[in-house]
1. Show me 141-148, 309-316 ranked by packing, highest mean number of other Cβ atoms within 10 Å first.
2. Separation between the Ala305 and Thr354 pseudo-spin-labels, each 7 Å from Cα along Cα→Cβ, expressed in nm?
3. Between Val276 and Leu65, what's the calculated FRET efficiency when r is the beta-carbon distance and R0 is 45 Å? Round to 0.05.
4. If you take the square roots of the eigenvalues of the alpha-carbon gyration tensor of the stretch 283-327 and sort them as a ≥ b ≥ c, do you get rounded (a/c under 1.5), prolate (a/b over b/c) or oblate?
5. Let a ≥ b ≥ c be the square roots of the eigenvalues of the Cα gyration tensor of the stretch 32-76; is it rounded (a/c under 1.5), or, if not, prolate (a/b larger than b/c) or oblate?
6. Test of the criteria: in the stretch 32-114, which chymotrypsin sites (Phe, Trp or Tyr not before Pro) are in a DSSP loop and have at most 15 other Cβ atoms within 10 angstrom of their Cβ?
7. Asp83 versus Ala14, label points 7 Å from Cα toward the beta carbon: distance in nm?
8. Placing +1 at every Lys and Arg Cβ and -1 at every Asp and Glu Cβ, with all other atoms neutral, what dipole size does the stretch 298-371 have around its Cα centre, in debye to the nearest 20?
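Read the figures in this text as sums done on the coordinates, not as results from a lab. Because the structure is predicted, anything quoted here is derived from the model rather than measured. Quick reminder, even Gly has a Cβ in these numbers, built from the backbone with ideal geometry, and neighbours come from all protein chains shown.
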Amino acid sequence: MTLTAASRATGSAAWADALLLSFAQAGYVRAEPAILQPAEPFLDLSGEDIRKSLYLTADPSGEELCLRPDLTIPVARDYLASDRCGQPAGFSYLGPVFRYRGGQPSEFLQAGIESFGRQDRAAADAEMLALALQATDAFGVNDVEIRTGDVALFIALIDALDLYPVWRRRLIKDLNRKVSLEQDLERLTLATGTSRNEYEGVLAALAGSDRKAALALVTDLMSIAGTTNVGGRTVAEIADRFLEQSTLKGGALPRDALGIIKRFLAISGDPGDAVVQLRALAKDAKLDIAAAIDQFDSRVGFMAARGIDTRATRFSTAFGRGVDYYTGFEFELHAKGNGVEPLVAGGRYDGLMTQLGAPSPIPAVGFSVWVEALTKIGRKPGASSSGSAS
């Protein structure tokens, strides 16, 4: 493969030296995973919708391969295959990734950090945010807007409300993907309908079933029909849809629960104030979510200890990054006045490692640096800058 302008930039730009030096000084070892990766992990974790963005091929055995569309999963896979698997380890990276982006270059640079195995989650989260701020500083950009959220708080709330598992998954996915949350909350509070439909028998069979049972039933039905998908939807998606319908048949979400969720999602602003509001909500609603709030509160303390002005940090319980595998702290750094595209983005993804084959859960947190965006607005190489965090 010939070198493109994006690839050559890593060897000559002053920002690259500054960025990699800041990562190395923080103790993160340079990782350089293979460009050609198995496609299955990306498709499994992001869904078939990502297929149209991947550059795919296959080896002689028929295994589907792709040019790496990002670096988090490749770095995680290399860690899991190493003799350090399960132990605390931190890695940094800077290299090309490949993804169809509709008119923009399909090869572009991505930098970042991944931290695995640390049990001191709140401290590790705060360190990621501090290093992300240092990363923008390497480009001469130190006046940024910090946006944060914590999906673990939402998960704790949903668990405390004891929702049906299918709706628990649906609402958490809505929050992560920033779509349909309000609409699905309203659907959950609708009165149970009396009309019948052509799937009434299937819905009755699934009522009260867990996802494994629903998948087995739908798989058997589709096998009899000789198909593996309908209208582009997979067996799992169809099973989830049937479970949702059977759940609605069995009863809707009580209005008081809807009120609690809406009150929760309205909490935003200063993280310290948010802690107070969350504790008040938990007390008023008699919800056992103290552990998640304590973890959030601890993280805010570690952020302050890192020199981050938490009062200038925007926190929202409704904040989601659009990635399904996040399980806790999430953040984005934006240029002031830029409401859409982040400069740096990341968060905690403790569940990803078992999805990639780890025999037991491994804590994981990291972030990606959007090099293109930062080089467009950053100062010229060699210009002096001051750090945003210690």
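1. Put in order of decreasing packing, that is 141-148, 309-316.
2. Going from the Ala305 label point to the Thr354 one covers 2.8 nm.
3. Details: r = 51 Å, r/R0 = 1.13.
So, using R0 = 45 Å, E works out to roughly 0.35.
4. Working: a/c = 1.91, a/b = 1.20, b/c = 1.59.
Judged from the Cα gyration tensor, the stretch 283-327 comes out oblate (a/c at least 1.5, b/c at or above a/b).
5. Oblate is the answer for the stretch 32-76, as a/c is 1.5 or above yet b/c matches or exceeds a/b.
6. Tyr100
7. 4.2 nm
8. On the way: 7 positive and 6 negative charges, 55 e Å.
Result for the stretch 298-371 is approximately 260 debye, rounded to the nearest 20.
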